[in-house]
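Here is the structure we will look at, set down as structure tokens.
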Amino acid sequence: MPREYADGEVFLYRGRPIKLCSPCDAATASREPAALLGETLIVRPAPADERRRYLLYWYTAESEKIVRSLVPKWSKALAVRPREATVKYAATRWGSCSSSGRIFFNTRLSMLSDEVAEYIVVHELCHLKQMNHSAAFWDEVISALPGARALRRKLRIEEREAVL
């Protein structure tokens, strides 16, 4: 179902539903085009395409926080060194890793539950050891994150609602 970016519409943040709302007074207005207040995402009033841009900006910033937290932790644990880890929007991929060591994560990462987002980070970092989806690659992922199979299934469920 296409998004309208209207007040009351529900999106996900870290696996939990949040509702969009325009600022109702000066106390809820923000300098930022979008800001989280409890379980409400306050978004500056604007046409739908502009509100979508506000959400892309906000979710990208939130996903960057997750990446800055998890990539160093898991890089150390896996003894890998990514050249770069960036966040950008993609319609289908949750992440990718190039042979040069550059890793990208989807803007929508912050829509997923924390454990599923962590699984994606581990998955992509394991590609620095195995640049494929071979049995050896999956052994790396499962060795690092024993619940990876269940988290992969959970990702398939969560991604249905993680739509911008």
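The table for this structure:
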| item | result |
| --- | --- |
| Residue in segment 25-35 that is farther than 18 Å from residue 112 by Cα, touching a Leu at 6+ places or on another chain (Cβ under 8 Å) and buried (at least 18 other Cβ atoms within 10 Å of the Cβ) present | yes |
| Residue among 102, 93, 108 that alone is basic (Lys, Arg), surrounded by 19 or more Cβ atoms within 10 Å (Cβ to Cβ) and either within 13 Å of the chain's Cα centre (by Cα) or over 25 Å from residue 15 (Cα atoms) (or both) | 108 |
| Qualifying residue in segment 63-77 (condition: in contact (Cβ under 8 Å) with a residue 40 or more places away in the chain and not in a helix (DSSP H, G or I)) | no |
| All positions within segment 78-118 that are more than 19 Å from residue 164 (Cβ to Cβ), hydrophobic (A, V, I, L, M, F, W, C), outside any strand (DSSP E or B) and free of Cβ contacts under 8 Å to residues at least 40 places away in the same chain | 79 |
| Residue that is farthest from the chain's Cα centre (by Cα) [pool: residues in segment 129-139 that are without any contact (Cβ under 8 Å) to a residue 40 or more places away in the chain and surrounded by 11 or more Cβ atoms within 10 Å (Cβ to Cβ)] | 136 |
| Test: residue in segment 130-138 that is touching a Gly at 6+ places or on another chain (Cβ under 9 Å) and not in a strand (DSSP E or B) | no |
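The numbers here are math on the coordinates, done by the rules we state, and not lab data. These numbers come from a predicted model, not from an experiment. We place every Cβ from the backbone using ideal geometry, glycine too, and count neighbours over all the protein chains shown.
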